[in-house]
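Below is one structure, written out as structure tokens, with a few remarks after it.
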Amino acid sequence: MNVINIYAPAEAQRGILRRRRWEDQEMPSQVLDGIERIFGERIAPAEAVERILRDIRARGDAAVHEWSARVEGRRDGGQPGGPPAGESAPRLEILAGEWQAAYAGLPVAEREALDLAAARVEAFHRKQPMDSWVDAGPDGTLGQLIRPIERAGVYVPGGTAPLPSSLLMAAIPARVAGVREVIVCTPPGRNGAVPALILAAAYRAGVDRLFALGGAQAIGAMAYGTESVPAVDKIVGAGGLFVTLAKRQVIGMVGIDGFYGPTETLLIADDSANAAWAAADLLAQAEHDVLASPILLTPSPALAEAVAREVAGQLEGLSRADIAAVALANRGGIVVTRDLGQAVDLANAYAPEHLCLLVADPWSLVGQIQNAGGIFVGEYSFEVLGDYVAGPSHVMPTEGSARYASPLSVADFVKRISLVALGAGAGARLAASAAVLARGEGLTAHAAAADARVEGKK
């Protein structure tokens, strides 16, 4: 029995390839059940996030502890009034000595893999120059100054699937950019502790502070600031539905890098593709989240059927098979296209986070791709390498934002400041035209300020 459906293009465009706002989509029962457990009623995810953020802004750490306890199903702070009598709320901040100890205590293979990933991420991002420039001429000087932001907040997904790789992918570009202070928030695991591998990644990436805090409450704490968590200038990093909704609601109070919803992988494959590998690539993304979107486009009905069989067979042995099965059934699928050209057209319209080209001549398609967070060329450039060790940040645009947005980079951690330093002659000469435009806009004070320079008045 297939666990992933096969669609015709028109059917897929009405369903799995159709872009809709999260607010307009039917949420899986797992999501709504969780909201009902926390809030006592089935409210929309956006409303749930709004309640959490409003409370954190008003009450700081007390609200952070209470909401974290409710979300995680703990007793401490789970009800208004804080933790049970005689008990204190868990410490939010994890001190740097614990990170170093975690790094030193890793098995050699894990430490070497972490070092390799960190080195490749840093090397890639050091090739992204964002240089200041100053152009001095006879009329004066114009230029652009590049300044790093002062304090960046990095959200690192965790909980049931801790992602130390995400810490490296966001914190290292910040360090390369010269950010003065890098703050990390990540949820504790099921045992109430942040996994050692995430602590080790924090040490290897050279962050400044680390907090055991996740979900919308982490975004609220970094946006507004609390007694324990400092307010940051910009929040970056991917997360699940509630993190994305929270970032949408705090924008303006704080900068954000983008809206990263649940992961998306779109494969384009032809008859040359290895069906088992294609299925493994779909499952690798499906296991992230019940809202993940693992999709295959192929002109080959035979490959479609073979991949569907492989998905069903491989699913049985996965540790997160239940999550992957929901994602495959609700938001995944295989689309049999007319040809590779139609597959490319559908991919560009969908604008996926990850676009994998599992075809005989992948480079022939690269030039036709207009919208994608990342292009993975050939079967050995599989997307999982991008998750960990390829080099580019795996924090990539989702929900169709690849039409206008880019993966996280050094540019996300700097500001461009325009520099204007004109001489007296140039200022007076240009002032006349500025005055004309100001009067055309009905701004007489603007015009007067310009006229004063034309006339040389002091």
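Some values worked out for this structure:
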{"quantity": "Anisotropy class of the stretch 218-297 from Cα gyration tensor, a/c 1.5 cut", "calculated": "prolate"}
{"quantity": "Reach of LYS247 by Cα under 12 Å, taken over aspartates and glutamates that are not fewer than 8 positions away in the same chain", "calculated": "GLU50, ASP257"}
{"quantity": "For LEU419, distant residues with modelled amide H under 5 Å away", "calculated": "GLY143, GLN144, LEU145"}
{"quantity": "Within the stretch 308-340: backbone nitrogen closer than 17 Å to the GLU11 label point (7 Å, Cα to C-beta)", "calculated": "308-309, 328-339"}
{"quantity": "Antiparallel bridge percentage (DSSP; both residues within the chain; nearest 5)", "calculated": "30 percent"}
{"quantity": "Order of MET396, MET130 under a 10 Å beta carbon neighbour criterion, fewest first", "calculated": "MET130, MET396"}
{"quantity": "About the Cα centre, charge dipole magnitude for the chain (Lys/Arg +1, Asp/Glu -1 at Cβ), debye", "calculated": "1520 debye"}
{"quantity": "Estimated FRET transfer efficiency when R0 is 41 angstrom, pair MET253-ALA302 (beta carbons, to 0.05)", "calculated": "0.20"}
{"quantity": "Residues LEU95 and GLU50, FRET efficiency given R0 of 41 Å [Cβ-Cβ distance, rounded to 0.05]", "calculated": "0.80"}
{"quantity": "Span-rule helices in the chain, defined as complete DSSP H runs reaching 18 Å or more along the axis (Cα) with Kyte mean at least 0.0", "calculated": "108-125, 164-177, 301-315, 424-440"}
{"quantity": "Sequence-distant residues sharing a close amide H with PHE211 (under 5 Å, placed H)", "calculated": "ILE94, VAL184, CYS185, THR186"}
{"quantity": "Cα centroid of the stretch 352-405 to Cα centroid of the stretch 290-328, whole Å", "calculated": "19 Å"}
{"quantity": "Qualifying trypsin sites (Lys or Arg not before Pro) in the stretch 303-387, DSSP loop, other Cβ atoms within 10 Å at most 12", "calculated": "ARG338"}
{"quantity": "Order of GLU264, GLU227 - criterion: other Cβ atoms within 10 Å of each residue's Cβ, fewest first", "calculated": "GLU227, GLU264"}
{"quantity": "Listed residues THR444, GLY378, PRO107: farthest to the positive end of the dipole of the chain (Cβ charges)", "calculated": "THR444"}
{"quantity": "Full-stretch length increase - SER319, ALA58 - with 0.36 nm per residue and alpha-carbon distance subtracted", "calculated": "89.9 nm"}
{"quantity": "Computed over the chain: relative contact order in percent, which uses C-alpha pairs under 8 Å that are six or more apart", "calculated": "18 percent"}
{"quantity": "Residues whose placed amide H lies under 5 Å from that of SER132, excluding near-sequence neighbours", "calculated": "ILE146"}
{"quantity": "Residue exposure sequence - LYS415, LYS234, LYS247 - by fewest surrounding Cβ within 10 Å", "calculated": "LYS415, LYS234, LYS247"}
{"quantity": "In Hz, Karplus ³J(HN,Hα) per residue of the stretch 290-299 (6.51, -1.76, 1.60; θ = phi - 60°; x = Gly, Pro)", "calculated": "5, 9, 5, 10, x, 10, 10, 10, 8, x"}
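Coordinate-derived values only; no laboratory data. The model shown is predicted, which means the values in this text are computed figures rather than measured ones. Note: ideal-geometry Cβ built from the backbone for every residue, glycine included; neighbour counts use all protein chains shown.
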